[in-house]
Every structure is written in C-alpha cells, then in structure tokens.
Amino acid sequence: MGHRMSKDGTQSSSSNLKKAKGSKSPSSSQASTPDGLDSDKQSGKKNKMPFLRFQSSKAKKRYQDQMFEAENNPEPNIDISHCELDEIPDEVYATCNYLQKEALLMNDNWLSTMNRAERLSDFRTLRVLDLHNNEIKHLPDNLNQMENLQILNLENNRLSKMPSSIESLPHLQTLNIKSNRFSVFPEDICRLRC
C-alpha cells in the first residue's frame with residue numbers, strides 16, 4: 001500500500017485517496033484555500049446576497065419624535081435625517097401636504113429611490129428638499145410636480161442620470177449633484193432656467 005505526503009506534512013494512503021475520489025469534491029469556485037478562506041473571497045468576487053437592514057430603536061424613536069414635532073409645531077420644516085429610513089413614509093407625504101411644509105430634510109438615511117412618485121404633488125409647497133448621503137439610484141420622471149422647489153440637494157447618492165423633468169422646475173436655484181455616478185454630465189441640467 002503506497003503512502004503519499006501531502007503539502008501540510010500528513011501522510012495519506014492510496015485507499016484514502018480512492019475513498020476521496022468516490023466522494024464529491026467541492027467545485028473549484030467553492031474550494032477552500034489553505035488559510036481557510038473561500039477562493040471566491042480571496043479573489044475578490046462577492047456573492048450577491050440580499051442585504052437586510054432594520055431600523056434601530058434609536059432611529060425609530062428619532063423619526064417618531066421628529067414627526068410629532070413637525071405635526072405640532074408651526075415651523076415650516078420637517079427634519080427626519082438620520083432615521084435609517086429606506087423609503088419615504090406615507091405620513092411624510094401627508095404631513096407636507098396638509099401642513100404645507102416648506103423644507104424636508106431626509107439626509108443620511110437609506111433611501112434608494114423616491115418611492116410613491118404619484119404622491120410628489122404632496123410636496124408642491126416644498127422649497128427645500130435635502131436628500132444627501134442616501135443611496136438613491138434614480139429619480140421619478142415627475143419631479144416638476146414640486147413646483148416651488150428652490151433647493152435640491154442630491155449629493156453623495158448613486159445617481160447615474162437625471163430625469164428630463166428637472167428642467168421644468170421653474171424656481172430651482174440650487175442643485176447639488178456632487179459625488180454621484182454620472183458617466184457624462186446630465187444635459188438636462190444645462191436647460192435649467194436661471
């Protein structure tokens with residue numbers, strides 16, 4: 001019976017090798033490396049797994065406190081930044097509409113889109129919309145429903161294009177799109193009225 005020396009210095013017999021040949025071996029993409037890491041991880045490849053995040057109790061309490069404040073305070077702004085929101089709650093649309101709020105600060109959340117595009121008309125009284133430091137990949141085509149918007153801050157998101165409706169915001173004075181993923185400068189911005 002023949003013995004072979006493996007790389008780690010242990011001996012293996014040919015009968016053990018035959019047993020090993022009969023068993024299924026891991027595919028090359030799943031094979032482990034000597035240091036215990038998967039070869040995919042070592043080569044830099046990442047498996048696409050859904051990333052679930054849950055709003056912390058601290059962020060949830062902040063959101064509830066800020067909405068209570070917005071509903072019971074005559075100030076024209078709603079500050080729900082740092083609330084770990086992954087979408088704009090219906091309550092925010094309704095509050096902006098009913099109380100005619102002028103500023104909505106939603107920076108530093110987890111937003112990937114402005115959900116509920118059909119409700120953008122509820123934001124018609126907004127003059128300031130701050131969405132910086134989110135994960136927004138695209139904007140709805142009906143941005144022009146926010147007809148009084150003067151300041152739109154989209155800095156540090158994941159935008160690669162702008163909707164053509166951006167040029168139809170008659171009062172827009174400040175548009176911040178720094179640190180996004182534009183491969184070319186958005187032409188629609190050039191058609192904005194000054």
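The values are calculated or read from the model by the stated rules, or taken from the named source; none is laboratory data. The shown structure was predicted, so the numbers you read here are calculated from the model rather than taken from an experiment. Note: ideal-geometry Cβ built from the backbone for every residue, glycine included; neighbour counts use all protein chains shown. Side chains are part of the model used for accessible areas, which takes the heavy atoms of the whole protein and leaves out ligands, DNA and RNA. Shrake-Rupley method; radii C 1.70, N 1.55, O 1.52, S 1.80 Å.
Between Asn97 and Glu69, what FRET efficiency comes out of the Förster formula 1/(1 + (r/R0)^6) with R0 = 22 Å and r the beta carbon distance, rounded to 0.05?
About 0.80, to the nearest 0.05.
Just the Kirkwood number for segment 57-159, please: inverse of mean 1/r across all distinct Cα pairs, in Å, one decimal.
Details: mean 1/r = 0.0743 Å⁻¹.
Value: 13.5 Å, from the Cα pair sum.
How would you order 52-61, 105-114, 172-181 from highest to lowest mean count of nearby Cβ atoms within 10 Å? Before the final figure, lay out each step's value.
Numbers: 52-61: 11.1, 105-114: 18.7, 172-181: 14.7.
Peptide ranking by packing, descending: 105-114, 172-181, 52-61.
Mind ordering 74-80, 127-133 by average Cβ neighbours within 10 Å, highest first? Before the final figure, lay out each step's value.
Numbers: 74-80: 16.6, 127-133: 19.7.
Those peptides, ordered most packed to least, come out 127-133, 74-80.
I'd like to check one number: the per residue accessible area of segment 98-175, probe 1.4 Å, reported in Å² as a whole number. Write out the running numbers ahead of the final one.
On the way: 3430 Å² over 78 residues.
Here the per-residue accessible area is 44 Å².
So what is the diffusion coefficient of segment 85-131 in µm² per second by Stokes-Einstein at 4 °C and 1.567 mPa s, using a Kirkwood Rh over Cα pairs? Don't jump to the answer; show the numbers that get you there.
Details: Rh = 10.8 Å.
Answer, rounded: 120 µm²/s.
May I ask you to give the percent of accessible area on segment 89-194 that is carbon plus sulfur, with a probe radius of 1.4 Å? Walk me through the intermediate numbers first.
Numbers: 2320 of 5320 Å².
C and S atoms contribute 44 percent here.
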